[in-house]
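Visitor: One structure coming up, written as structure tokens, with questions to follow.
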Amino acid sequence: MLSNTMKRRTFLKGSLVAGGAGVALSLGLIPTVVIGAWPKSAFKSKDVNGALNGVLNASDTVASDKIKIKAPKIAENGAVVPVTVSTDLANVESITILTSGNVNPMAAHFNLSSNTLPTVSTRVKMAKTSDIIGVIKADGKLFSAKKSVKVTIGGCGG
């Protein structure tokens with residue numbers, strides 16, 4: 001008798017959760033952008049310009065001293081290199097992080113809302129010593145900065 005009651009309760013809980021999630025999704029309470037497609041061509045690209053074209057539809061950037069990249073000068077393990085990209089630029093739309101020495105240089109891309117502080121932190125894999133490139137899209141223009149990181153043990157299978 002106890003096992004039937006427990007099965008009924010589990011079924012009812014599952015039904016309520018699934019029904020609630022369906023209602024929340026249909027009312028727009030759960031952002032459907034999270035479920036949306038990602039820029040596959042950007043992450044599969046073999047070069048920096050191709051990656052930028054794949055995610056931002058442009059690859060011409062202007063160097064900016066208003067972009068700060070915080071990353072170690074020497075990464076002892078290229079499998080987990082901490083990176084923070086921030087900027088003082090106004091009207092930031094997105095932040096993209098690339099690693100020029102990787103076979104696929106696209107590491108991360110973040111779309112930001114107008115109320116978001118333009119700072120992102122993540123960890124990237126680096127195959128070898130190369131530049132980490134931060135690209136900021138602000139006011140419809142692309143700005144970039146780079147920082148060289150020496151990798152002692154490659155993190156992409158090398």
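Bear in mind that the values in this text are calculations on the coordinates, not laboratory data. Keep in mind the model is a prediction, meaning the values are calculated, not measured. When we count neighbours, we look across all protein chains shown, and the Cβ atoms used for this are built from the backbone with ideal geometry, even at glycine.
Visitor: So which of Phe110, Phe43 is surrounded by 14 or more Cβ atoms within 10 Å (Cβ to Cβ), within 15 Å of the chain's Cα centre (by Cα) and without any contact (Cβ under 8 Å) to a residue 24 or more places away in the chain?
Guide: On the way: Phe43 fails: without any contact (Cβ under 8 Å) to a residue 24 or more places away in the chain.
Answer to the selection: Phe110.
Visitor: Does any residue of region 123-134 turn out to be in contact with a strand residue (DSSP E or B) (Cβ under 8 Å, 6 or more places away or on another chain), assigned to a loop (DSSP other than H, G, I, E, B) and over 23 Å from Lys44 (Cα atoms)?
Guide: no
Visitor: Would you be able to tell me the number of residues in region 67-93 that are aliphatic (A, V, I, L, M) and outside any strand (DSSP E or B)?
Guide: Residues in region 67-93 being aliphatic (A, V, I, L, M) and outside any strand (DSSP E or B): 5 in total.
So that you can scan it fast, the table gives a plain yes or no per residue for (1) surrounded by 19 or more Cβ atoms within 10 Å (Cβ to Cβ); (2) touching a residue at least 24 places away in the same chain (Cβ under 8 Å); (3) under 23 Å from Lys40 (Cβ atoms):
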position	(1), (2), (3)
Val55	yes, yes, yes
Lys68	no, yes, no
Pro72	no, yes, no
Gly78	yes, yes, no
Val81	yes, yes, no
Val85	yes, yes, yes
Leu98	yes, yes, yes
Asn102	yes, yes, yes
Thr116	no, yes, no
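Visitor: Could you grab me the full set of residues in region 68-99 that are hydroxyl-bearing (Ser, Thr, Tyr) and either touching a helix residue (DSSP H, G or I) at 6+ places or on another chain (Cβ under 6 Å) or within 13 Å of Phe143 (Cβ to Cβ) (or both)?
Guide: Residues satisfying the conditions are Ser86, Thr87, Ser94, Thr96.
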